[in-house]
Amino acid sequence: MYAALKTSEAAAQFITYARDVKQLSAHTLKHYQRDIDSFVAQLEPSDADNIHSLKEYHVRSWANSLRRKGLAPASIARHLSSVRSWFQFCAKRFGLSHNPAAGVRAPKQARKLPKAMDADQINQCLVAPSESDLDTRDLAMAELLYSCGLRLSELQSLTLAQIDIQQRLVTVTGKGNKTRQIPIGGVALDALKKWMRQHPLAGDLQASTPVFTTRQGKALSPRSIQTRLDRLAKHNAIPVHVHPHMMRHSFASHLLESSGDLRAVQELLGHSNISTTQIYTHLDFQHLAKTYDAAHPRAKRQKGKA
């Protein structure tokens, strides 16, 4: 028989474990803390005083309240995932007899296909407006996003130690602290070399030097990267809003289209689950369907026939 344990104490120990043992990012820890606090806040004081007293209906009531507040299904799913992970920890650490969140599911959400540019748009986008240092840097960022399928956070935190020019490889640590190596394409490598020659710290480059910096040698912020990429796309008359994740989606869909190797795409993207990567098969099918409709002589109905 386990002694009563306050939810606040159980939550604090979970966050400490997630930070020190699992070494999760500050961003993930913030979401965990916020989601668990949201759940605990709607409990009666007597229930909040003992985590062993919590039942499925407590979680279900909370999830319904989130829905009534207008939270999107994806947001509710994330809230539930945070609390589910917390209860799993409590079962191992404090002998919680069951996971009250195990049977609670978020409302179904429509599956949105990621937006990707076609090859012509990519070629149109990846042209520097000028030979200036900032335009050279922006092109190198865009080339690396598309060539390697990097996440925004991976590009923003990139240091020289992670780039192997000789082997044409970049090493990044993505979600879940998972490290992967990705080949750098020839065009992207040339763009990167050109930028490094103009790097503000070119005379004193260290392993810890950020790859993409301001003119003062400070690492670019994620927001600055997004803004500069969109500026590059607008200058090159791309008719859609271009963001780093669109470059990643384009990388994945074009690679799958040319290779058909879903497992390879999974590894290069750093997905832990193949089901996450499978969404790109839908993009690939969309491309095939458009090609069929445009090229096949019997794709369109003949006039006057049903």
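Table for the structure above
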quantity: In Hz, Karplus ³J(HN,Hα) per residue of the range 123-130 (6.51, -1.76, 1.60; θ = phi - 60°; x = Gly, Pro); calculated: 4, 5, 6, 8, 9, 6, x, 7
quantity: Relative contact order (%) - the range 7-94, alpha-carbon pairs under 8 angstrom, separation at least six; calculated: 38 percent
quantity: Per-residue HN-Hα couplings for the range 218-229 [Karplus 6.51, -1.76, 1.60; θ = phi - 60°; Hz; x = Gly/Pro]; calculated: 8, 4, 5, 7, x, 5, 5, 4, 4, 5, 5, 5
quantity: Karplus-derived 3J(HN,Hα), 6.51/-1.76/1.60, for each residue of the range 48-64, Hz, glycine and proline x; calculated: 5, 6, 8, 5, 6, 8, 6, 10, 4, 5, 5, 5, 5, 4, 5, 4, 5
quantity: The range 7-94 - charge dipole about Cα centre, Lys and Arg +1 at Cβ, Asp and Glu -1, debye rounded to 20; calculated: 420 debye
quantity: Which listed pairs, of Lys55/Lys92; Lys22/Lys218; Lys69/Lys108; Lys22/Lys175; Lys108/Lys178; Lys30/Lys175, have C-alpha distances above 20 Å, in listed order; calculated: Lys22/Lys218; Lys108/Lys178
quantity: Max mean-square fluctuation residue, GNM over the chain, Cα-Cα springs under 10 Å, options Leu268, Leu54, Leu220; calculated: Leu54
quantity: Share of pairwise Cα separations in the range 55-122, more than 13 Å, in percent; calculated: 68 percent
quantity: Local electrostatic count, Asp190, Cβ distance below 12 Å [Lys/Arg +1, Asp/Glu -1]; calculated: +3
quantity: For the chain, built as a Gaussian network whose Cα springs stay under 10 Å, the top-fluctuating residue of Asn236, Asn64, Asn177; calculated: Asn64
quantity: Contact order relative to length of the chain, as percent, for alpha carbon pairs under 8 angstrom and 6 or more apart; calculated: 16 percent
quantity: Label-point separation in nm, Gln23 to Arg84, each point 7 Å along Cα→Cβ; calculated: 2.6 nm
quantity: Residue among Thr16, Thr209, Thr159 with the largest mean-square fluctuation in a Gaussian network model of the chain, springs linking Cα atoms under 10 Å; calculated: Thr16
quantity: Longest to shortest principal axis, alpha-carbon extents of the chain, angstrom; calculated: 73, 68, 32
quantity: Leading residue at positive end of dipole, the range 7-94 (Cβ point charges), from Thr28, Ile15, Phe39; calculated: Thr28
quantity: Paired Rg and Dmax values of the range 7-94, which use every Cα atom, in angstrom; calculated: 12.7, 36
quantity: Alpha carbon convex hull of the range 74-179, projected area averaged over orientations, nm²; calculated: 11.1 nm²
quantity: Long-range Cα-Cα pairs in the range 119-294 (distance over 25 Å), rounded percent; calculated: 32 percent
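Values quoted throughout were computed directly from the atomic coordinates according to the rules given, and no laboratory measurement underlies them. These numbers were taken from a predicted model, which means no experiment stands behind them. Don't worry about glycine lacking a Cβ; one is built from the backbone with ideal geometry, like all the others, and counts go over all protein chains shown.
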